[in-house]
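Worksheet for the structure shown next.
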Amino acid sequence: MRIYKANILFTPSPEQFQVVEYGYIAVDADGIIEGVYATLPTRLQGEPLTDFGDSLLIPAMNDMHVHAPQYRNMGLAMDMELLPWLNTYTFPEEAKYSNTEYAERMYSRFVHDLWLHGTIRASVFATIHPAATQILAQLFTEAGLGALIGLVGMNRNCPDTLLNRTEEALRDTEDLCDSLQENKQVKAIVTPRFVPACTADMLQAFGELAQRCHLPVQSHLSENRSEIAWVRELEPESTCYGDAYNRYGLFGQTPTLMAHCCYTEGEELELMQRNHVMVVHCPTSNCNLGS
Ligand SMILES: [Zn+2]
């Protein structure tokens with residue numbers, strides 16, 4: 001057992017926020033927290049203790065939506081909305097991840113900096129490239145961080161360098177899932193990029209895969225007005241953007257994270273509530289892209 005002493009802030013349950021001034025955290029040999037105490041129990045006295053004095057000790061952070069290959073684009077933006085931003089900055093950068101040396105160099109920095117800033121769990125979009133994505137999974141594992149990692153499915157309205165076919169995307173995600181079977185920290189997540197980048201057959205195949213293999217799902221929803229109008233054109237039979245995922249089993253049929261949801265309302269909001277779809281707000285991104 002190891003004991004850490006400091007001012008401790010934590011939430012033992014979603015409803016409770018606790019502050020323990022000059023308190024103690026006891027951690028067992030597997031790194032599991034055994035207890036948080038205002039005074040150290042007699043049985044733990046004599047265990048090795050690290051005293052952080054007046055510092056704060058807080059739980060680490062979870063990033064519920066992050067694009068690992070976009071790390072290099074941090075600090076750009078504020079000059080374009082979502083759709084031109086994707087074509088100008090996002091896609092050319094993601095295409096570079098066909099090169100595994102580049103992927104290793106950039107993903108190493110990304111994982112290191114997550115760790116440095118106290119983010120120890122993340123739900124991550126990679127790219128369409130299986131070899132680069134395996135490197136990312138390996139880096140997370142070596143760093144001792146946890147992640148859900150998604151190989152991105154995209155088979156329309158994207159540059160040729162970033163298109164994958166439905167069968168290919170399906171097989172690659174299944175392979176990633178199999179390769180992480182024994183890994184306790186890092187797992188695969190089904191990741192259609194967003195409706196405009198995926199045909200009905202890809203969405204359908206991803207929905208079936210998620211349900212067959214009990215995999216979680218992540219994607220984007222109602223981020224920007226032009227995007228929503230485009231989805232309405234592409235999927236005229238869907239009653240709302242969220243319904244375009246729901247029709248294919250990608251909207252809460254397994255645990256689902258939907259990023260942004262800036263303009264979600266009415267029927268879409270009700271559907272999310274009913275299906276327990278989780279909203280992941282990304283205010284910095286929305287501000288930078290004028291969403
Ligand atoms: Zn995103």
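A few comments on the model shown:
- Of all positions in the stretch 166-175, none carries a residue that is open to solvent by 50 Å² or more (accessible area, probe 1.4 Å) and within 16 Å of the ligand (Cβ to nearest atom).
- Taking helices (runs of 4 or more DSSP H) as the structural unit, those lying wholly within the stretch 1-120 and holding at least 1 residues that are polar (S, T, N, Q) correspond to 100-116.
- Scanning the stretch 193-213 for residues that are over 20 Å from GLY290 (Cα atoms) and either open to solvent by 20 Å² or more (accessible area, probe 1.4 Å) or without any contact (Cβ under 8 Å) to a residue 40 or more places away in the chain (or both) turns up THR199, ALA200, ASP201, GLN204, ALA205, GLU208, LEU209, GLN211, ARG212, CYS213.
- Among the residues listed as ALA147, ALA137, ALA131, the single one being hydrophobic (A, V, I, L, M, F, W, C), part of a strand (DSSP E or B), within 21 Å of GLU93 (Cβ to Cβ) and in the same structural domain as GLN218 (by TED's automatic domain parsing): ALA147
- If you check MET74, MET106, MET78 for being exposed (fewer than 13 other Cβ atoms within 10 Å of the Cβ), in contact with a helix residue (DSSP H, G or I) (Cβ under 8 Å, 6 or more places away or on another chain) and either under 30 Å from CYS261 (Cβ atoms) or not assigned by TED's automatic domain parsing to the domain that holds CYS158 (or both), only one passes: MET78.
- Residues being away from the ligand (no atom under 16 Å from the Cβ) and either open to solvent by 10 Å² or more (accessible area, probe 1.4 Å) or out of contact with any Phe, Trp or Tyr (no Cβ under 8 Å at 6 or more places or on another chain) (or both) - total across the stretch 250-267: 7
- Filtered residues of the stretch 214-225 (kept if within 16 Å of the ligand (Cβ to nearest atom) and either open to solvent by 30 Å² or more (accessible area, probe 1.4 Å) or over 17 Å from MET80 (Cβ atoms) (or both)): PRO216, VAL217, GLN218, SER219, LEU221, SER222
- Filter result for VAL111 (more than 16 Å from the ligand (Cβ to nearest atom), over 30 Å from LEU162 (Cα atoms) and among the hydrophobic types (A, V, I, L, M, F, W, C)): no
The values are calculated or read from the model by the stated rules, or taken from the named source; none is laboratory data. The structure displayed is predicted, hence computed values, not measured ones. Every residue, glycine as well, gets a Cβ built from its backbone with ideal geometry; the counts of neighbours run over all protein chains shown. The protein model used for the area step is the full one, side chains on, heavy atoms only, and it has no ligands, DNA or RNA in it. Shrake-Rupley method; radii C 1.70, N 1.55, O 1.52, S 1.80 Å.
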